[in-house]
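Have a look at the structure below before the remarks.
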Amino acid sequence: SQTIHQWPATLVQPVGSPLSLECTVEGTSNPNLYWYRQAAGRGLQLLFYSVGIGQISSEVPQNLSASRPQDRQFILSSKKLLLSDSGFYLCAWSVGGIDYGYTFGSGTRLTVV
Amino acid sequence: QKEVEQDPGPLSVPEGAIVSLNCTYSNSAFQYFMWYRQYSRKGPELLMYTYSSGNKEDGRFTAQVDKSSKYISLFIRDSQPSDSATYLCAMGRNNRLAFGKGNQVVVIP
């Protein structure tokens, strides 16, 4: 069966520090991968999506970047965190079309202090 | 106008009541309609999905889509405290989903 792993679950980082969040998917090949941020009162904001290795599309210009070094690995990074980067970060995957929606990871709650 | 509108106001109901949630959308190109349930500090999980106008039932849950009015609804019958969560509507086209802001539902025992 397919599973998605996302870590860490909670992270507190100082302003200006770097960030690396990792997401891996098991049990499927060539998934579409997504990074979302969820802030209170703002819903789910799509940050990046990827349809294959090395292919990254950015939805919102910001302080963050994403990479897909392997088929089932998706990484969200920042060189210097801002206070506004605080939020709940979710990785998700889908295969082919979205007939069955996305499957989300358990999320990382990032607090930038 | 946002693609998907969902009133995020919290909703409190007594156990056993019917919960009614809805979303409106502006893009008539949406082909897929879904509801996600999200417990506190967890990722959303897919609850219901449908492609066409009409009703779809799954146990105590009914999803309703009205494409002519660009309106979707989720009904939860005989609500239980375990239904307390945030419910997000989502609509898709071209392999992309647009989400509503989510409705927080609290079922009071």
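The values are calculated or read from the model by the stated rules, or taken from the named source; none is laboratory data. The model shown is predicted, which means the values in this text are computed figures rather than measured ones. Glycine gets a Cβ as well: all are built from the backbone with ideal geometry, and neighbour counts include every protein chain shown. Accessible surface is based on the protein model in full, side chains and every heavy atom, while ligands, DNA and RNA are left aside. Shrake-Rupley method; radii C 1.70, N 1.55, O 1.52, S 1.80 Å.
Would you check which residues across the range A:63-98 are modelled with pLDDT under 90 and under 14 Å from the mean Cα position of the chain (by Cα) and list them?
Those that are modelled with pLDDT under 90 and under 14 Å from the mean Cα position of the chain (by Cα): A:Asn63, A:Ser94.
Which of the residues belonging to the range A:17-36 are open to solvent by 40 Å² or more (accessible area, probe 1.4 Å), outside any strand (DSSP E or B) and either out of contact with any Ser or Thr (no Cβ under 9 Å at 6 or more places or on another chain) or modelled with pLDDT of 90 or more (or both)?
The answer is A:Pro18, A:Ser29, A:Asn30.
Looking at the range B:32-75, which of the residues that are open to solvent by 60 Å² or more (accessible area, probe 1.4 Å), closer than 28 Å to A:Tyr89 by Cα and more than 10 Å from chain A (Cβ to nearest Cβ) is modelled with the lowest pLDDT?
Looking at the filtered set, the residue picked out is B:Ser40.
Taking the stated definitions as given, is B:Ser12 hydroxyl-bearing (Ser, Thr, Tyr) and touching a strand residue (DSSP E or B) at 6+ places or on another chain (Cβ under 9 Å)?
So B:Ser12 passes the test.
Could you tell me whether any residue of the range A:37-47 is more than 19 Å from A:Arg109 (Cα to Cα) and either more than 14 Å from chain B (Cβ to nearest Cβ) or modelled with pLDDT of 90 or more (or both)?
no
With the checklist (1) under 24 Å from A:Ala39 (Cα atoms); (2) within 14 Å of chain A (Cβ to nearest Cβ); (3) of a type outside the set (Ser, Thr, Tyr) in hand, flag the one item B:Val107 doesn't pass.
Looking at each condition in turn, B:Val107 falls short on (2).
So, in the range B:44-83, exactly how many residues are assigned to a loop (DSSP other than H, G, I, E, B) and farther than 21 Å from B:Gln104 by Cβ?
Qualifying residue count, the range B:44-83: 8.
Is it the case that A:Ile56 is among the β-branched types (Val, Ile, Thr), in a strand (DSSP E or B), open to solvent by 20 Å² or more (accessible area, probe 1.4 Å) and closer than 13 Å to A:Leu21 by Cβ?
Against the criterion (among the β-branched types (Val, Ile, Thr), in a strand (DSSP E or B), open to solvent by 20 Å² or more (accessible area, probe 1.4 Å) and closer than 13 Å to A:Leu21 by Cβ), A:Ile56 does not qualify.
Looking at the structure I just gave you, is A:Val51 in contact (Cβ under 8 Å) with a residue 12 or more places away in the chain and open to solvent by less than 10 Å² (accessible area, probe 1.4 Å)?
Judged against the criteria, A:Val51 is not a match.
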